[in-house]
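In what follows, a single structure is set out as structure tokens and then discussed.
The values are calculated or read from the model by the stated rules, or taken from the named source; none is laboratory data. All values derive from a computational prediction rather than experimental measurement. Here the Cβ is made from the backbone with ideal geometry for all residues, glycine too, and neighbour counts use every protein chain on show. SASA here: full protein model, heavy atoms, side chains in, ligands and nucleic acids out. Shrake-Rupley method; radii C 1.70, N 1.55, O 1.52, S 1.80 Å.
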Amino acid sequence: IDAKDGSVDKAVRALNQLKYELTPQETFFGQPTLRESFQDRETELDSLERAAFSGNSSLMLLGIDGIGKTSLMKRALAVIFSHLTPVWIDLNVSNTPLRLLSAIAKPLSIQIDPHQAATEPKQLWDNLLFPEIKASSRLFIVFDNVESRSDSDSDLSLETTTLFHKMCKDLTGTQKPNNPGIAVLAWSTPTLATE
């Protein structure tokens, strides 16, 4: 509702009109439908679907904060990739090797040793988590809130950044039919280590 002019009457009329546009579920239960939370993004969804099934092994959604990358990816998981099991990793929260590895291990029902995750994160990834992901045709990894700043300016430690780069390299090198394997959501193209 645009109430920049300070008109209370205009805001009240808009609110009254809104109640006629809500579904019964939204009116009585306060549960917004997918239609309400995802509007006018069908073109982007179609582009994402074409990219996903063009033989690419990974997806990257770029855009400034608040533009709807996360909503678009969640809609794509519900509509395009409904046959896949997503593992959603938010790097704002998973910002240490232990948290990053735990965020992947938990939905896979894999127990990890916290000491090993803190001291030998690459070995834990290489020997336990990555083989499980690689063996499954259904698993799909989504990294959200990937910083595009230089590593020295990043909130992630050098060890976490190095581990994240290794994960991206390993996941993009894994080919799965009808499964890009990895999606990265970022402000701009992140600088990923390529060996």
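Mind listing whichever residues of the range 150-195 are at pLDDT 85 or above, surrounded by 14 or more Cβ atoms within 10 Å (Cβ to Cβ) and part of a loop (DSSP other than H, G, I, E, B)? Scanning the range 150-195 gives THR174, PRO180, GLY181. Select from the range 78-130 the residues that are more than 20 Å from the chain's Cα centre (by Cα), polar (S, T, N, Q) and either within 20 Å of VAL146 (Cβ to Cβ) or surrounded by 13 or more Cβ atoms within 10 Å (Cβ to Cβ) (or both) and list them in ascending order. Passing the criteria: only GLN116.
Against the definition (in contact with a Leu (Cβ under 8 Å, 6 or more places away or on another chain), assigned to a helix (DSSP H, G or I) and open to solvent by less than 30 Å² (accessible area, probe 1.4 Å)), how does ILE133 come out, yes or no? When the stated conditions are applied, ILE133 passes them. In the range 52-76, of all residues being in a loop (DSSP other than H, G, I, E, B) and within 18 Å of CYS168 (Cβ to Cβ), the one that is farthest from the chain's Cα centre (by Cα) corresponds to ASN56. If the condition is being among the polar types (S, T, N, Q) and open to solvent by less than 60 Å² (accessible area, probe 1.4 Å), then the range 48-70 contributes SER57, SER58, THR70.
Report the residue count in the range 37-66 for those that are touching a Ser or Thr at 6+ places or on another chain (Cβ under 8 Å), among the hydrophobic types (A, V, I, L, M, F, W, C) and modelled with pLDDT of 80 or more. Spell out how you get there, then give the answer.
Narrowing the range 37-66 to residues touching a Ser or Thr at 6+ places or on another chain (Cβ under 8 Å): 37-38, 41, 57-58, 60, 62.
Checking the rest, the ones that are also among the hydrophobic types (A, V, I, L, M, F, W, C) come to 38, 60, 62.
Next, only the ones that are modelled with pLDDT of 80 or more stay: 60, 62.
Looking only at that region, the number is 2.
Looking at ILE112, ILE104, which is the one that is modelled with pLDDT under 95, under 16 Å from ILE182 (Cβ atoms) and of a type in the set (Val, Ile, Thr)?
Numbers: ILE112 fails: under 16 Å from ILE182 (Cβ atoms).
Just one listed residue meets the conditions, ILE104.
So, of the residues in the range 80-130 that are among the hydrophobic types (A, V, I, L, M, F, W, C) and part of a loop (DSSP other than H, G, I, E, B), which turns out to be nearest to ARG50 (Cα to Cα)? Show your work before the answer.
Applying the first criterion (among the hydrophobic types (A, V, I, L, M, F, W, C)) to the range 80-130 yields 80-81, 84, 87-89, 91, 93, 98, 100-101, 103-105, 108, 110, 112, 117-118, 124-125, 128-130.
From what's left, part of a loop (DSSP other than H, G, I, E, B): 80-81, 84, 91, 93, 110, 112.
Values: ILE80: 10, PHE81: 12, LEU84: 17, LEU91: 27, VAL93: 31, ILE110: 33, ILE112: 37 Å.
Ranking the candidates gives ILE80 first.
Considering the conditions (1) open to solvent by 40 Å² or more (accessible area, probe 1.4 Å); (2) modelled with pLDDT of 85 or more, LEU34 is excluded by exactly one of them, (2).
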